[in-house]
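Asks: Quick one: structure below, then a few questions.
The values are calculated or read from the model by the stated rules, or taken from the named source; none is laboratory data. The structure displayed is predicted, hence computed values, not measured ones. Every residue, glycine among them, receives a Cβ derived from its backbone with ideal geometry; neighbour counts consider all protein chains shown.
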Amino acid sequence: MAAPLKKVLMRRPGDSLLSARAEDWHYGPGFDGARAIKQFSIFADLVAASGAEILWLEDTGDGLADAMFTHDPSLMTDKGAIILRMGKPGRMKEPALHARAYADAGIPVLGEIAAPGAVEGGDCVWVDANTLAVGRGVRTNQSGIAQLSEILAPLGVEVLGYDLPLGNGAEACLHLMSVMSPLNDKLALVFAPMLPVGFWQLLKDRGYTLLEAPRDEFDASNGLNLNVLALTPGEVIMVNGFPKTRALMEQAGCRVTGFDADALCIPCEGGPTCLTRPVWRGPTARE
């Protein structure tokens, strides 16, 4: 999840975000559709500058404000995509957008999560090539995890489910990746107090070094200080405004680029990782 980003699926927000009512989408104070679109543009330029090819989903005014968070409606493997099923009712139409995009790009689809199952991509963490950790909570349920395990079994992938806390309530977004972001092959930024114990133990057993993000910045950002996108191993994009979290990563050898997202990421409960669905991550130069 930190190998060089080569190809990524993104959706540039437009009319759907401009017309979104904050109360309908659980967007918090500071939400401003017009400013959010400008901030997204700056973020997209950072992703493009890394050399990654962007496959664009267009906002056609379909009313799907959250569809800019492309990380959630699908999951990518070495052999093709899996179309997921959303746990947030307002996002149920988004997986079909991903299915069409993959068909257009010639990317095979290995399977699809069906009702009553639910899995969101933000709950899925590749611990290594053969181990997928999945957070079980408000957005992802056991039926979805079981279906995902069945789809991935022929690829030799073990799926491990971990219970998440309720956090700020059923309406809020709390994914497994809300409390863990991979920075390098065996380096991750975490918010330890909300990590499932079994998942924490798994990471330690697999040789991960865990950088523990400060509680005050986690609380002030709704957890978005922790939502960090790795462009290459140790080169990451984060939301501006959280200097202690940035310093923690830089002290561990990471190169950090920040962007302003007070109208986009903080109120909308989705950060740099959420705004991207990596389609292809390539090997590092030494590999």
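Asks: Would you mind finding the one in A3, A20 that is small (G, A, S), surrounded by 15 or more Cβ atoms within 10 Å (Cβ to Cβ) and closer than 22 Å to S181 by Cβ?
Replies: Values: A20 fails: closer than 22 Å to S181 by Cβ.
Among A3, A20, only A3 is small (G, A, S), surrounded by 15 or more Cβ atoms within 10 Å (Cβ to Cβ) and closer than 22 Å to S181 by Cβ.
Asks: In region 158-180, is there at least one residue being of a type in the set (D, E, K, R), modelled with pLDDT of 95 or more, in a strand (DSSP E or B) and out of contact with any Asp or Glu (no Cβ under 9 Å at 6 or more places or on another chain)?
Replies: Yes - at least one qualifying residue is present in region 158-180.
Asks: Of the conditions (1) in contact with a helix residue (DSSP H, G or I) (Cβ under 7 Å, 6 or more places away or on another chain); (2) crowded, with 18+ Cβ neighbours inside 10 Å; (3) farther than 17 Å from F199 by Cβ; (4) without any contact (Cβ under 8 Å) to a residue 40 or more places away in the chain, L75 fails just one. Which one is it?
Replies: (4)
Asks: Quick test for you: out of T276, T257, T232, pick the one residue that is within 19 Å of W56 (Cα to Cα) and either touching a His at 6+ places or on another chain (Cβ under 8 Å) or surrounded by fewer than 21 Cβ atoms within 10 Å (Cβ to Cβ) (or both).
Replies: T276
Asks: Of everything in region 130-152, what is hydrophobic (A, V, I, L, M, F, W, C) and closer than 16 Å to I82 by Cβ? Give them in sequence order. Step through it out loud before you land on a result.
Replies: If we filter region 130-152 for residues that are hydrophobic (A, V, I, L, M, F, W, C), which is where we start, we get 132-134, 138, 145-146, 148, 151-152.
Once the filter is applied, which keeps residues that are hydrophobic (A, V, I, L, M, F, W, C) and closer than 16 Å to I82 by Cβ, region 130-152 yields L132, A133, V134, I145, A146, L148, I151, L152.
Asks: List the number of the failed condition for P165; all other conditions in (1) over 18 Å from V109 (Cα atoms); (2) touching a strand residue (DSSP E or B) at 6+ places or on another chain (Cβ under 9 Å) hold.
Replies: (2)
Asks: Something else about it: Can you name every residue in region 147-160 that is under 21 Å from the mean Cα position of the chain (by Cα) and among the small types (G, A, S)?
Replies: Matches in region 147-160: S149 only.
Asks: Take the residues in region 49-73 that are within 18 Å of the chain's Cα centre (by Cα) and part of a helix (DSSP H, G or I), then tell me which one is nearest to A20 (Cα to Cα).
Replies: The selected residue is A65.
Asks: Just to verify a result, which residue in region 104-140, among those that are of a type in the set (A, V, I, L, M, F, W, C) and loosely packed, with under 14 Cβ neighbours inside 10 Å, is farthest from E150 (Cα to Cα)?
Replies: Taking region 104-140 and keeping what is of a type in the set (A, V, I, L, M, F, W, C), we get 105, 107, 109-110, 113-115, 118-119, 124-127, 129, 132-134, 138.
Still in the running and loosely packed, with under 14 Cβ neighbours inside 10 Å: 105, 114-115, 129.
On the way: A105: 25, A114: 12, A115: 15, A129: 16 Å.
The qualifying residue farthest from E150 (Cα to Cα) is A105.
Asks: Name every residue in region 181-225 that is assigned to a strand (DSSP E or B) and either without any contact (Cβ under 8 Å) to a residue 40 or more places away in the chain or polar (S, T, N, Q) (or both), in order of residue number. Full working, then the answer.
Replies: Filtering region 181-225 down to residues assigned to a strand (DSSP E or B) leaves 181-184, 187-190, 209-212.
Once the filter is applied, which keeps residues that are assigned to a strand (DSSP E or B) and either without any contact (Cβ under 8 Å) to a residue 40 or more places away in the chain or polar (S, T, N, Q) (or both), region 181-225 yields S181, N184, A188, V190, T209, L210, E212.
Asks: Quick one: is W25 touching a residue at least 12 places away in the same chain (Cβ under 8 Å) and loosely packed, with under 15 Cβ neighbours inside 10 Å?
Replies: For W25, the condition - touching a residue at least 12 places away in the same chain (Cβ under 8 Å) and loosely packed, with under 15 Cβ neighbours inside 10 Å - is not met.
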